[in-house]
1. Please find the FRET efficiency linking His101 to Ile135, where r is the Cβ-Cβ separation and R0 is fixed at 35 Å, and quote it to the nearest 0.05.
2. Could you give the length gained by full extension between His117 and Glu155, i.e. 0.36 nm per residue of separation minus their alpha carbon distance, to one decimal place?
3. What does the charge dipole of the range 79-127 about its Cα centre add up to, to the nearest 20 debye, if the Cβ of each Lys and Arg holds +1 and the Cβ of each Asp and Glu holds -1?
4. Among rounded, prolate and oblate, which fits the range 37-185 when a ≥ b ≥ c are the square roots of the eigenvalues of its C-alpha gyration tensor, a/c under 1.5 means rounded, and a/b larger than b/c means prolate?
5. Could you tell me which of the pairs Lys125/Lys174; Lys126/Lys160; Lys97/Lys119; Lys97/Lys177; Lys125/Lys167 are separated by over 21 angstrom between their Cα atoms in the structure shown?
6. Convex hull over the alpha-carbon atoms of the range 79-127: what's its volume per residue in Å³?
7. Given a Förster distance of 41 Å, report the FRET efficiency between Glu48 and Asp80 from their Cβ-Cβ distance, rounded to the nearest 0.05.
8. With all distinct Cα pairs included, what does the Kirkwood hydrodynamic radius of the range 98-153 come out to in Å, to one decimal, could you say?
Amino acid sequence: MVDNAMNSTEDKTEEKETTIENNDQQTTEANVDESSKKLQEIQVKYDELNEKYIRLFSEFDNFRRRTTKERADLLRSAGDDVLKEMLPVLDDFDRAKKAMHASENITSAKEGFDLIHNKFTDALKKKGIEEMQCIGVEFNPDLHEAITEVPAPSEDMKGKIMDVIEKGFYINGKILKYAKVIVGK
């Protein structure tokens, strides 16, 4: 009987060990299943974020290309409106040239050229281009380019602009072209 009792105790111990092993195996399987689910969730989240990143990057790249193309188009066509304003002036010059060759009256040709000049300067003013007023003004190297110096006819003209070789122009208040001038000394 002692043998039976020992066998029974051994059997119970083996059963307990088997139960513990089964529980450990179930716990391990549960942990693996839980880890696998978490890994799948993380993979899904990663895939979503990666997809968003790729789309955002593509959108930005498309935006950059579109902006570059628009900027290039703008630079190419920036002067179009100014040139369109100048075409009627060119037509007037052509008509004046024909009229000058056909007419002996020089006074009417002068008046025609004055009208064309006024039309041209008005077209430039509409686009923000203004002529620098230089004669009699104090020489300023930030605005003027001195070509030469000549003796001033009076003391008050020393350091002032005596004559303009090439006019200077502003565009919307900024210097477009520096005036080339003669300064009194």
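Derivation of every value follows stated rules applied to the coordinates shown; laboratory data play no part. Just so we're clear, the structure is a prediction, and the values are computed from it rather than from any experiment. All Cβ positions, glycine included, derive from the backbone under ideal geometry; neighbour counts span all protein chains shown.
1. 0.50
2. Length difference between fully extended and current span is 10.2 nm.
3. Using only the charged Cβ atoms, the result is roughly 60 debye.
4. Taking the square roots of the gyration eigenvalues as a ≥ b ≥ c, the range 37-185 is oblate.
5. Exceeds cut-off: Lys126/Lys160; Lys97/Lys177.
6. In the range 79-127, the Cα convex hull volume per residue is 47 Å³.
7. Rounded to the nearest 0.05, the efficiency is 0.30.
8. 15.0
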